[in-house]
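Trainee: Got a structure for you, written out below as structure tokens; questions coming shortly.
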Amino acid sequence: MPTLTTDDGVRLHYEETGAGTPLVFVHEFGGDLRSWEPQVRYFARLYRCIRYNARGYPPSAVPEDWNRYSQERARDDIRAVLDGLKIERAHVVGLSMGAFATLHFGMHYPDRALSITVAGGAYGSHPAHHKQFQDDSRANAERIRRDGMEKFVSTYGVGPQRVQLEIKDPRAFAEYLAQFNEHSALGAANTLQGVQCRRPSFYDLRERLQKMTVPTLLMLGDEEEPALEANVFLKRAIPTAGLAIFPKSGHAINLEEPALFNQPAKKNAINGAMWRAIPPAMAEFDRDAEVRCIVFRGAGTEAFAAGADISEFESARSERGAVAEYDDLLDRVLHSIQGSLKPSVALIYGYCLGGGLEIALACDLRYCGASAQFGIPAAKLGLAYNIEGQKRLLETVGHAYAREIMLLGRRYDAFEASGMGLVHRVLPDAELERHVDGVAETLCRNAPLAIANTKTVLEEYLKVSGSPDLVRMRAAIERCAKSADYIEGRRAFMEKRKPRFTGK
């Protein structure tokens, strides 16, 4: 049984499978390394997958003193796993309690993380819930010491955050309960008292979060309402973060929706659930006055998006009615991005193909790293490409290039794409995010109504049929001309200071 020893002398059991770039999984309170089986079976085809049992979870050691358990120690145990296996850097994926440890690892050891995935995290972190969470954790520790694991699991293990797993996959739910019952009562109680009771709220770490540089993917089930607002806070605080919300899902999203959870392995291929999530997300951004700019990017640095998920085509794009429904969905997605009055930016690493390129072209601005590759392989798939997507391609590169891209179906490197006008600028991969951060900061400083007016006028002139709506365009111009932002812009210019625009 493979084990390694942490820097404070605690033995941890681990398992590893596969080869390639290291990918470390960090389990939740109610689980152990076995909880990651659906992910290991999938990702081990491409990565060196490592999972381990935290201290207090046999066959890892169970220190008797609860003071040997803490959020800092959980963070450093991830580092100890890397050190013990002589791994310099790894992708780290954590769920719930493991998500907290993973985020702290990304904050404190950015040079050791290729990326971090924070799944089902932030529970109990909101200021309105934090003290109650600590009190509940302390009470649960006492319950375990008093009543044992079986009685504790019979109530804690079937809470409202687990009902989705029980409904979707009763076998997986039963397996989860059986494994939970096998945990050490001493280890579970000490984990609650040492880690859960003392972990800080993310809201108290805002300054540290704002300085994070590690690519971060936040993942959450939409049924986990106590953590939704806190994850939005994390998304806004962490400059490098993306947020994926799983529809009709609860706490154990890796077990409830393993195919969706594993999606980044498909180079961010876009499935139906992801397409459907974009319009409501854009509508929410449009309603939020604090959102001044929207940046689209893929998880990690291998791909912006390698297109639509071809594995769904047999059901979603085979019959006439299904094809029409799918194309209508794509039209709504692209219109939600193009029609937003907020400026949008595509940050593009690696593959940007098919549906991924459709999303990028729907954005106002596009910047890519030198590693980027572009293409629309519809002709090679026998696929009738989406009308709205072809329209935007034609508007962007013109008839000649659009015909070549569509008829040949080949891939173009970043510099070819720049020459055609697919992207506004190509940068070294290492400089891409810093450049886009600067672009986003500029967009956020500029006047929202002036930007909205420009988007309205340009979109009217790009309409496929009919004359531009002059009334609509003039109304947008008049609204801008009568705005407080226009007054502020003039005064700031005269006073030689930066304007403070409010969108009013």
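Trainee: Using modelled backbone amide H atoms (1.01 Å from N, in-plane), which distant-in-sequence or interchain residues come within less than 5 Å of VAL24's amide H?
Mentor: Residues meeting the amide H criterion: ILE50, HIS91, VAL92, VAL93.
Trainee: Something else now. Over 30 Å between C-alpha atoms is what I'm after, so list which of LYS248/LYS504; LYS131/LYS235; LYS342/LYS391; LYS235/LYS267; LYS131/LYS151; LYS86/LYS248 land there.
Mentor: LYS248/LYS504; LYS86/LYS248
Trainee: In addition: Please give the per residue volume of the convex hull enclosing the alpha carbon atoms of region 42-200, rounded to a whole number of Å³.
Mentor: Expressed per residue, the convex hull around the Cα atoms of region 42-200 is 129 Å³.
Trainee: Any idea what the dipole of the chain comes to, in debye rounded to 20, about its Cα centre with Lys/Arg Cβ at +1 and Asp/Glu Cβ at -1?
Mentor: The calculation lands at about 1300 debye.
Trainee: Could you give each residue of region 68-82 its phi-based ³J(HN,Hα) in whole Hz, using Karplus coefficients 6.51, -1.76, 1.60 with θ = phi - 60°, and x for Gly or Pro?
Mentor: 8, 10, 6, 5, 5, 5, 4, 4, 6, 5, 5, 4, 5, 5, 4
Trainee: Continuing with this model, one more query. Compute the helix-to-body angle for 130-147: its Cα long axis versus the longest principal axis of the chain, expressed 0 to 90° and rounded to tens.
Mentor: Value to nearest ten degrees: 30.
Trainee: Please list 3J(HN,Hα) in residue order for region 36-53, calculated via the Karplus relation 6.51 cos²θ - 1.76 cosθ + 1.60 where θ = phi - 60°; whole Hz, with x for glycine and proline.
Mentor: So the Karplus estimates, Gly and Pro as x, are 9, 4, x, 7, 4, 4, 8, 6, 5, 5, 10, 10, 7, 8, 10, 9, 8, 8 Hz.
Trainee: Suppose every K and R has +1 on its Cβ and every D and E has -1 on its Cβ; what is the size of the dipole of region 20-61 about the Cα centre, in Debye to the nearest 20?
Mentor: Computed charge dipole of region 20-61: roughly 160 debye.
Trainee: Additional query: Need one value: the accessible area of GLU175 in square angstrom, 1.4 angstrom probe, rounded to the nearest 10.
Mentor: The value for GLU175 is about 110 Å².
Trainee: For the chain, which whole percent of the accessible surface, found with a 1.4 angstrom probe, sits on carbon and sulfur atoms?
Mentor: With neighbouring chains kept in place, the figure for the chain is 54 percent.
Trainee: Taking one equal scatterer on every alpha-carbon of region 181-313, how large is log10 of I(q)/I(0) by Debye at q = 0.10, 0.12 1/Å?
Mentor: -0.42, -0.60
Trainee: Show the residues, 5+ positions off or on another chain, whose built amide H is closer than 5 Å to the amide H of ALA244.
Mentor: LEU218, MET219, LEU220
Trainee: Tilt of helix 272-287 relative to the longest C-alpha principal axis of the chain, in degrees (0 to 90, nearest 10)?
Mentor: Between helix and principal axis, roughly 70 degrees.
Trainee: To continue, here is another question. If one takes the longest principal axis of the Cα atoms in the chain, at what angle in degrees, from 0 to 90 and to the nearest 10, does the Cα axis of helix 484-494 lie?
Mentor: Computed tilt is about 80 degrees.
Trainee: In region 1-58, which trypsin sites (Lys or Arg not before Pro) are in a loop and have at most 13 other Cβ atoms within 10 Å, using DSSP for the loop call?
Mentor: Filter output for region 1-58: ARG45.
Trainee: Give me the base-10 log of I(q)/I(0) for region 139-197 at each q in 0.25 Å⁻¹, Debye formula, one uniform scatterer per Cα, rounded to two decimals.
Mentor: -1.00
Trainee: How large is ³J(HN,Hα), in whole Hz, for each residue of region 167-175 in order, when computed from phi with the Karplus curve 6.51 cos²θ - 1.76 cosθ + 1.60 and θ = phi - 60°, using x for Gly and Pro?
Mentor: Going residue by residue, I get 6, 6, 9, x, 5, 5, 5, 4, 5 Hz, with x marking Gly and Pro.
Trainee: From the helices alone, meaning DSSP H stretches of at least four residues, give me the mean residue ellipticity at 222 nm for the chain, per-run term -39500 (n - 2.57), in deg cm²/dmol to the nearest 500.
Mentor: For the chain, the value works out to -14500 deg cm²/dmol.
The values are calculated or read from the model by the stated rules, or taken from the named source; none is laboratory data. What you see is a predicted model, and the numbers here were worked out from it, not measured in a lab. Counting neighbours? That spans all protein chains shown, and the Cβs are built from the backbone with ideal geometry, glycine included. Keep in mind that these areas ignore ligands, DNA and RNA; they rest on the heavy atoms of the full protein, side chains included. Shrake-Rupley method; radii C 1.70, N 1.55, O 1.52, S 1.80 Å.
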